[in-house]
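Right, one structure below, let's go through it.
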Amino acid sequence: MSVPSILKNVFAESDLVHAEHGAELNFQNLGAKYAKYVAQAISDLKLNYPPARSFSDDELRKIVAVADVVGLDSRTRMKRFKSACSCCGWCCSKTHRIVVREEDADRISRKLKAKRADLFVFDGKDWLIKDVHPCRWWNPRNGRCAIYNDRPHTCRVWPMGINDAGENTIIPESHCNYAVMTLVYKAINILEAAGAGTQSQVPAEG
Ligand code: SF4
Ligand code: SF4
């Protein structure tokens, strides 16, 4: 993957090489799901940021993939982009595997006066909510969580998760507008810094 020259306005060469490598690994390791996430981000980037339309899709693919691996994600950044959540309910109703911390499983079971084994299951690696897709606590009539104030950490920070290196990262889920737009905003910030245009509506980074 060779990075478009405009990124050299923003990054030192060694940082770019590192970012390109990380971007390649994401495509290799995450496969079709990741390609779909990036494709959705490119589509939304062109829609929300007209200067992006002067780049080919292949160039944007590289720019977006690099934006995804450059800089650590954080709760502060996520809160800034919260309005991108479309409240579609996908994360509570379509996810097949919801990993929780063991302390969440204990805390929620205690709070609900239920046996942990009735609500959560350990699959040999992770603790999971039992009965998902949809989640047992998701109300399809109003899209609300029945245990919202006590929900697991995973749900509080979604769509942010932890990657294999133990770093905060946005979960690459094309169905989640919050996740896609966070990546789009990261790409816009880079393009703006590179001098691609001045028409961004992106919330300013603090
Ligand atoms: S616990 Fe609540 S927030 Fe978490 S997936 Fe279930 S319904 Fe959604
Ligand atoms: S966080 Fe994402 S998947 Fe969940 S409701 Fe918001 S946009 Fe939908």
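Taken together, the values in this text are just the output of simple stated rules run on the coordinates, not laboratory data. Computed from a predicted structure; not experimentally measured. Ideal geometry is used to build each Cβ from the backbone, glycine not excepted, and the neighbour counts take in all protein chains shown.
With label points built 7 Å along Cα→Cβ from the Cα atoms of Asp58 and Phe122, find their separation and express it in nm.
Placing both labels 7 Å along Cα→Cβ, they lie 5.1 nm apart.
State to the nearest 20 debye the size of the charge dipole of segment 90-160 about its Cα centre, where the only charges are +1 on K and R beta carbons and -1 on D and E beta carbons. Don't skip to the end; give the middle numbers.
Values: 16 positive and 9 negative charges, 54 e Å.
Around 260 debye, computed over segment 90-160.
What order, most packed first, do the peptides 133-140, 168-175, 11-18 have when packing is the mean number of other Cβ atoms within 10 Å of each residue? Could the numbers behind the result be given before it?
On the way: 133-140: 15.5, 168-175: 18.8, 11-18: 12.8.
Sorting 133-140, 168-175, 11-18 by mean packing, highest first, produces 168-175, 133-140, 11-18.
Roughly how big is the chain's charge dipole about its Cα centre, with Cβ charges of +1 (Lys, Arg) and -1 (Asp, Glu), in debye to the nearest 20?
Result for the chain is approximately 1240 debye, rounded to the nearest 20.
For Lys115, which lysines qualify as cross-link partners when the Cα separation must be under 22 Å and same-chain residues fewer than eight apart are set aside?
Lys125, Lys130
On full extension of the chain, what length is gained from Lys36 through Cys145, given 0.36 nm per residue of separation minus the C-alpha to C-alpha distance? If you can, show how the numbers build up before the last one.
Values: separation 109, 0.36 × 109 = 39.24 nm, distance 2.79 nm.
Additional length available on full extension: 36.4 nm.
Which ³J(HN,Hα) values in Hz, rounded to whole numbers, follow from the phi angles of segment 86-99 under the Karplus curve 6.51 cos²θ - 1.76 cosθ + 1.60, where θ = phi - 60° and Gly and Pro get x?
Once θ is set to phi - 60°, the couplings for segment 86-99 become 8, 6, 6, x, 4, 4, 8, 10, 10, 5, 8, 9, 10, 7 Hz.
Calculate the spin-label point distance for His175 paired with Ser109, positioning each point 7 Å from the Cα along the beta-carbon direction, and give it in nanometres.
Using points 7 Å along Cα→Cβ, the separation is 2.8 nm.
Could you pull out every residue, at least 5 positions away or on a different chain, whose amide H is within less than 5 Å of the one on Met160? Hs are placed 1.01 Å off N in the peptide plane, and Pro or chain starts have none.
Result for Met160 returns Ile171.
Rounded to the nearest 10 degrees, what's the angle between the helix 13-48 long axis and the longest principal axis of the chain, both from Cα atoms, 0 to 90?
Once rounded, one gets 80 degrees.
From the phi of every residue in segment 50-66, what ³J(HN,Hα) in whole Hz does the Karplus formula 6.51 cos²θ - 1.76 cosθ + 1.60 yield, where θ is phi - 60° and glycine or proline is x?
x, x, 5, 6, 7, 9, 6, 4, 5, 5, 5, 4, 6, 5, 5, 5, 5
Once you sort the root eigenvalues of the Cα gyration tensor of segment 92-161 as a ≥ b ≥ c, which label holds: rounded (a/c under 1.5), prolate (a/b larger than b/c) or oblate (the other case)? Don't skip to the answer; put the middle values down first.
On the way: a/c = 1.42, a/b = 1.20, b/c = 1.19.
Rounded is the answer for segment 92-161, as its axis ratio a/c remains below 1.5.
Under 5 Å between amide hydrogens, which residues at least 5 positions from Ser174 or on another chain qualify, with H placed 1.01 Å from N in the peptide plane?
Residues meeting the amide H criterion: Tyr37.
Given axes a ≥ b ≥ c from the Cα gyration tensor, I'd like to know whether the chain is rounded (a/c under 1.5), prolate (a/b larger than b/c) or oblate. Kindly include the intermediate steps, with their values, before the conclusion.
Working: a/c = 2.48, a/b = 1.99, b/c = 1.25.
It comes out prolate by the Cα gyration axes.
If amide hydrogens are placed 1.01 Å from N in the peptide plane, which non-local residues have theirs closer than 5 Å to the one on Thr95?
His133
Once phi is turned into θ = phi - 60°, what whole-Hz ³J(HN,Hα) does the Karplus curve with 6.51, -1.76 and 1.60 give for every residue of segment 187-192, x standing for Gly and Pro?
5, 4, 4, 5, 5, 5
If you line up the long axis of helix 102-111 against the longest principal axis of the chain, both from Cα atoms, how many degrees apart are they, to the nearest 10?
Value to nearest ten degrees: 50.
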